[in-house]
Amino acid sequence: MKKISLTSWIFIAMATGIVLGIAVPDFAKELAPVSSVFLRLIKSIIAPLVFATLVYGIAGTGSAKTMGRIGLKSILYFEVVTTIALFLGLAAVNLVKPGIGVNLPHETAQLAANKVTLSGMLEHTFPSSIIEAMSKGEVLQIVIFAFIFGTACTTIGTKAKSVVDWCKSLSDIMFEYTKFIMYFAPFGVGAAMAVTIGSKGIGVLFNLGQLIATLFASLLIFVVVVLGAVMVIFKIPMRRFIQAVKDPYILAFSTASSEAALPQAMENMERFGVPKHIVSFVLPTGYSFNLDGSTLYLSLASVFIAQAAGVEMSFGTQLMMMLTLMLTSKGVAAVPRASMVVLSGTLATFDLPLEGVALVMGVDTIMDMARTSVNLLGNCLATAAVAKWEGVELPTGDLEPIEAAIEAPV
């Protein structure tokens with residue numbers, strides 16, 4: 001039993017939920033409290049995790065003195081590429097409309113159409129009380145507060161060390177807390193799938209299949225068009241780059257964990273010819289600021305849930321949602337199922353039904369493999385792009401063995 005991975009248990013639970021929903025729909029509907037408990041536990045992660053990780057990240061590595069020229073170039077690159085990923089996901093989900101016909105409960109969701117406006121959202125972005133923001137799950141307000149708080153910690157230097165260390169400890173605790181919650185994921189996913197099939201019918205699987213297909217197609221377009229353009233613009237040797245990223249990419253895809261592939265990715269990018277000081281800064285930083293696959297997925301999944309709930313979102317509201325996702329996706333890369341946490345917070349901000357997370361969670365493992373591997377690929381390319389931007393001449397031949405790794409001149 002112990003040899004079966006959590007991912008495998010989630011697949012087993014998903015299949016069990018489908019069978020229960022088809023065979024005994026009345027019983028399946030009674031499992032709603034199980035999925036609700038799981039969703040409440042997921043929601044409990046959001047506020048402390050986002051606050052702690054962002055404050056520690058900004059105070060620990062976010063000052064201009066620490067980041068310097070390479071840091072500014074990296075952040076600029078990250079924001080441009082992730083913004084493109086967000087809008088590509090937004091375009092894909094509005095074109096395909098995979099959520100139409102699901103009919104999620106929309107009593108609260110309807111508020112999103114009436115309540116959220118551009119000016120109101122801008123005003124609502126800034127917290128009047130961080131305690132209130134945390135209690136209500138206002139993720140964007142927490143992000144703004146954490147950003148200013150972290151910057152203040154950086155400004156006063158060593159006086160803030162105890163607070164920054166506390167945030168680091170809190171973030172570590174929340175990572176472990178999240179692992180414990182994820183042990184309950186098979187029960188939550190199985191129950192959610194059973195309730196969905198039992199109440200909506202087996203036809204909902206068609207919508208989920210459309211969602212998966214839309215994500216995979218969008219990620220393929222992103223890799224070929226966007227990342228391909230980056231390689232052309234920065235004149236990065238393609239054959240050598242593919243040799244460098246092949247093994248860590250496969251590891252990230254098969255484990256659905258970009259963290260598992262990080263050590264090998266760092267080693268291979270140094271062998272590729274990127275200087276060690278660039279690799280050691282850009283690649284780990286990218287794990288928080290350059291989640292190309294995850295940001296594309298989040299824009300697609302959030303609008304999918306709005307469509308499933310029957311909410312007509314204006315273009316302005318969708319733009320504000322993209323801004324929210326752009327900010328809230330930073331700093332939680334090390335969390336298992338981090339995208340689920342971010343998605344939950346965004347849905348709460350826009351009064352969209354949290355039941356949508358349970359619906360998407362049923363097939364999230366399949367999508368997680370794709371977006372995680374693209375995250376890794378995008379971060380490896382970012383190290384090469386920043387190196388070229390810094391004037392480093394990258395070798396063009398085949399990748400050398402590890403003992404012949406190249407340290408390019410600074």
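Pairs only if they're at least six apart or on different chains, beta carbon under 8 angstrom, first in the range 4-33 and more than 13 Å from residue 202 (Cβ to Cβ), second open to solvent by 50 Å² or more (accessible area, probe 1.4 Å) and modelled with pLDDT under 85; list them, first residue then second.
Taking only residues 6 or more apart or on different chains, the pairs are 6/183; 12/4; 29/199.
Say whether the condition of being open to solvent by less than 40 Å² (accessible area, probe 1.4 Å), modelled with pLDDT under 75 and either out of contact with any Pro (no Cβ under 9 Å at 6 or more places or on another chain) or not in a loop (DSSP other than H, G, I, E, B) (or both) is met by at least one residue in the range 300-317.
Within the range 300-317, none of the residues are open to solvent by less than 40 Å² (accessible area, probe 1.4 Å), modelled with pLDDT under 75 and either out of contact with any Pro (no Cβ under 9 Å at 6 or more places or on another chain) or not in a loop (DSSP other than H, G, I, E, B) (or both).
Return the pair list, or none, for Cβ contacts closer than 6 Å from residues in the range 154-177 that are at negative phi to residues that are of a type in the set (Val, Ile, Thr) and assigned to a helix (DSSP H, G or I), at least 6 apart or on different chains.
167/55; 171/53
For the range 321-334, name all the residues that are surrounded by 23 or more Cβ atoms within 10 Å (Cβ to Cβ) and either modelled with pLDDT of 80 or more or assigned to a helix (DSSP H, G or I) (or both).
Those that are surrounded by 23 or more Cβ atoms within 10 Å (Cβ to Cβ) and either modelled with pLDDT of 80 or more or assigned to a helix (DSSP H, G or I) (or both): 321, 325, 328.
Mind telling me which of the residues 202, 173 ends up being open to solvent by 60 Å² or more (accessible area, probe 1.4 Å) and not in a helix (DSSP H, G or I)? Give the derivation first.
Numbers: 173 fails: not in a helix (DSSP H, G or I).
Selected residue: 202, the only one of 202, 173 that is open to solvent by 60 Å² or more (accessible area, probe 1.4 Å) and not in a helix (DSSP H, G or I).
Across the range 237-264, which residue is most open to solvent (accessible area, probe 1.4 Å) among those that are more than 14 Å from residue 379 (Cβ to Cβ) and modelled with pLDDT of 85 or more?
Among those residues, the one meeting the criterion is 239.
Looking at the range 353-377 only, could you name the residues that are among the hydroxyl-bearing types (Ser, Thr, Tyr) and either more than 19 Å from residue 187 (Cα to Cα) or at pLDDT 75 or above (or both)?
Of all residues in the range 353-377, those among the hydroxyl-bearing types (Ser, Thr, Tyr) come to 365, 372-373.
372, 373 - these are the residues of the range 353-377 that are among the hydroxyl-bearing types (Ser, Thr, Tyr) and either more than 19 Å from residue 187 (Cα to Cα) or at pLDDT 75 or above (or both).
If the requirement is being open to solvent by 10 Å² or more (accessible area, probe 1.4 Å) and either hydroxyl-bearing (Ser, Thr, Tyr) or closer than 16 Å to residue 366 by Cα (or both), which of these qualifies: 234, 187, 216?
The unique qualifying residue is 216.
For the subset of the range 276-299 comprising residues that are among the small types (Gly, Ala, Ser) and open to solvent by less than 30 Å² (accessible area, probe 1.4 Å), which member is farthest from residue 89 (Cα to Cα)?
To start, the set of residues in the range 276-299 that are among the small types (Gly, Ala, Ser) comprises 280, 286, 288, 293-294, 299.
Narrowing further to those that are open to solvent by less than 30 Å² (accessible area, probe 1.4 Å): 286, 293-294, 299.
On the way: 286: 20, 293: 10, 294: 10, 299: 5 Å.
Per the stated criteria, the residue is 286.
Counting residues that are touching a residue at least 12 places away in the same chain (Cβ under 8 Å), out of contact with any Ser or Thr (no Cβ under 9 Å at 6 or more places or on another chain) and of a type in the set (S, T, N, Q), which helices (runs of 4 or more DSSP H) fully inside the range 212-296 reach at least 1?
Because the criterion is at least 1 residues that are touching a residue at least 12 places away in the same chain (Cβ under 8 Å), out of contact with any Ser or Thr (no Cβ under 9 Å at 6 or more places or on another chain) and of a type in the set (S, T, N, Q), the helices (runs of 4 or more DSSP H) in the range 212-296 that meet it are 238-255, 258-272, 276-289.
Before we move on, is residue 173 touching a Gly at 6+ places or on another chain (Cβ under 9 Å), under 15 Å from residue 53 (Cβ atoms) and of a type outside the set (Lys, Arg)?
When the stated conditions are applied, residue 173 does not pass them.
The values are calculated or read from the model by the stated rules, or taken from the named source; none is laboratory data. Worth saying up front: this structure is predicted, and the values here are computed from it rather than measured. Ideal geometry is used to build each Cβ from the backbone, glycine not excepted, and the neighbour counts take in all protein chains shown. Only protein heavy atoms, including side chains, enter the accessible area calculation; ligands, DNA and RNA are left aside. Shrake-Rupley method; radii C 1.70, N 1.55, O 1.52, S 1.80 Å.
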